[in-house]
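What follows draws every value from the coordinates through simple rules; no lab data is involved. Everything numeric here is computed off the predicted structure, so don't read it as measured data. Neighbour counts are summed over all protein chains in view; Cβ atoms, including those assigned to glycine, are modelled from backbone coordinates with ideal geometry.
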Amino acid sequence: MATTFFLPHVEIPRRLRALVRARETSLVVLASVVGVVSGVVVLAMGAVVNGLHALFFNLPYGTRLSSVTELDWHLALAVPCLGGLLFGFGTQVLARWRSGREVDPIEANALHGGRMSVIGSLIVAAQTLWSSGVGASVGLEAGYTQLSSGLASRLGRAFRLRRRDLRTLVGCGAAAGIAAAFGAPLGGAFYGFELVIGSYSVASLAPVGAAAVIGYLVVAQFERPDLGIAASTEVGTPDLLIAALIGVLAAAFGITIMRCVGYCEAMFTRLRLPPSLRCAIGGLFVGVLAIVTPQVMSTGHGALHLASMLALPLGSIALIFVLKAAASVASLGSGFRGGLFFASLLLGALGGQLVCAGLGMVFPSLPLNPQAYAIIGMGALSVSIIGGPLTMTFIALESTGDLWLTAAVLVAVIISAQVTREVFGYSFATWRFHLRGETIRSAADVGWIRDLTVGRMMRRDVQTVPVDTYVSDFREAFPLGSTSQVVSVDEDGRYAGVVVVAEAHAKELDDSLPLREILHHRDDFLLPEMTVQHAVAVFDRAESEALPVLDSNTTRRVIGLLTEAHALRRYTEESELHRRELLVDA
């Protein structure tokens, strides 16, 4: 079957594919291509959102929506509400054409070996653009990473890369997208390592680093991404202690934000409203808040400049902090597409300044720098919600160029990450997976465990015996030593239980006794879709060395048999195989 590139009927020559698969340097070349593409994606999406803001809110092109200090209240109410109505209606129409949900980079690398859909990624990027364009309080980073990683995945599949190389290339797309968006190649690279690849290795350093640097350079030719934050201060022991306090507070607030998004989604689900009305209500709520302060709208990138560079009154900081959090929860909970990266940066910066102001009131003689604590809060809250302690630390370093301040940021993000992990156990992305019933908590490759199912491991040559068979007839058919267990079925061919051969040959049993009287594990069985981990848990609960595999819970037809020893052996073999791959990469 021919392998296609981004366009149909374009084939990658076999020799070129073989060359790419044979040399690690070729992966760096592909990663460089991904970096260029990701930079273009970031520039294009930013231009589209600026155009939508200019069109819908009557702003000069290039003016960030969240940086304006005043907005026409008619537009503030109408645009998010009507935009949400159209967004929800489009989602309903799309669901009829494309059922199921799209796979994001973290899920792709955790469960699907890096395989992503380009069409699905374009859809997610378009939804994110529209959501941010109509003023919903969501970040564009979800669209950046989705489309960049989706295109990287398609490129890798065109060259038929190995599973680990394809996962690395997907991480390269995400790393380049974040590096380009934030002007932080180190932060982008570690975003790829920590959040999308799930591990760091020497073999992945070159491609991920190359993609991040090139993505950053592409955007830097046209604009210099700048968060508008700067601080230069000496960091002493009191500052480190305050940073630790900010880390704890940020973790508590981050957990609250993530739970509130889940509660908001659940509330809309209970109301049983169609998606169009959900998004319209969410957009209207954001519009009402925007009348009070426009800084709650869109990504919050412009507001981050405003909050950091201008000496805002304490009341204004607190107001934006509360309303931005409420707007983000309402936007994501009602169904708009986007992320919390930019919002967490803004909220963290505002929260850091609030902590600084509070401490200044309690300890008026303590020399405190609001700019410094804004940066510390920015990193601490972001790592609680997004994850990636080193990612946030390097973004702070690259944004300020202040190494000593970065030490305080590192203290805050470590404590925030650890508290969030111990108390909550999820980042925002993995929390959304949890709400959908998934169990993954990182991008670590567990897809092979999902692929190792009972259906793949079971034996199909199962010996069965009718449940009404007498013990004497059973002894004739299955003498001692022939097998250890035999599956029994009823008159309709449904699973009835397991006969232990040694027990059936016990002298004290009457020859005329039917097998139904000595059956074991009547309610213990396996299903073909169970993973090896689930199967081992069933074996432990049943305390059995072998169990039948049934086609379903309802029909209960026996289709195979699996022993605990074989399941454990296959699990060990696969684990060893993936462990060797990691050692080779290192």
Query - Cut-off under 5 Å, modelled amide H: who pairs with Gly560 long-range - result: Val549
Query - Calculated FRET efficiency for the pair Arg569/Ile119, C-beta based, R₀ 45 Å, to 0.05 - result: 0.65
Query - Rounded tilt (10° steps) of 118-133 against the dominant C-alpha axis of the chain - result: 40 degrees
Report task. May I ask you to work out the translational diffusion coefficient for the chain at 4 °C, viscosity 1.567 mPa s, via Stokes-Einstein with Rh from the Kirkwood sum over Cα pairs, reported in whole µm²/s? Result -> 49 µm²/s
Report task. Taking the Cα atoms of segment 115-274, report the difference between the largest and smallest coordinate on each principal axis, in whole Å and largest first. Result -> 53, 52, 32
Report task. Mind giving me the nanometre distance, one decimal, between the label points for Asp473 and Leu519, set 7 Å out from Cα along Cα→Cβ? Result -> 1.5 nm
Requested in this report: Mind pulling the angle between the C-alpha long axis of helix 24-57 and the longest principal axis of the chain? Nearest 10 degrees, somewhere in 0 to 90.
Outcome: 60 degrees
Report task. Quote the relative contact order of the chain in percent (integer), defining contacts as alpha-carbon pairs under 8 Å separated by 6+ residues. Result -> 16 percent
Query - Quarter of Cα convex hull surface for segment 14-225, i.e. mean projection, nm² - result: 12.3 nm²
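For segment 449-574, what relative contact order do you get, as a whole percent, if you take Cα pairs closer than 8 Å and at least 6 residues apart?
Working: 222 pairs, mean separation 38.8, N = 126.
So the answer I get is 31 percent.
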**Report entry** Shape box of segment 449-574 [Cα atoms, principal axes, largest first, Å]
**Finding:** 46, 29, 24
**Report entry** Separation in nanometres of the label points that stand 7 Å from Cα toward Cβ, at Ala54 and Leu19
**Finding:** 4.3 nm
Query - Given charges at Cβ of Lys, Arg, Asp, Glu: segment 14-225 dipole, positive-most of Ser204, Leu16, Ala110 - result: Leu16
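How big is the charge dipole of the chain about its Cα centre, in debye rounded to the nearest 20, if each Lys and Arg gets +1 on its Cβ and each Asp and Glu gets -1 on its Cβ? Please list the in-between numbers first.
Details: 44 positive and 46 negative charges, 356 e Å.
That gives a dipole near 1720 debye.
Can you sort Arg337, Arg163, Arg270, Arg569 from fewest to most other Cβ atoms within 10 Å of each residue's own Cβ?
Numbers: Arg337 25, Arg163 18, Arg270 8, Arg569 12.
By the 10 Å Cβ count, ascending: Arg270, Arg569, Arg163, Arg337.
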Query raised in the report: In degrees, nearest 10, range 0 to 90: what is the angle between the Cα axis of helix 314-334 and the longest Cα principal axis of the chain?
Result: 40 degrees
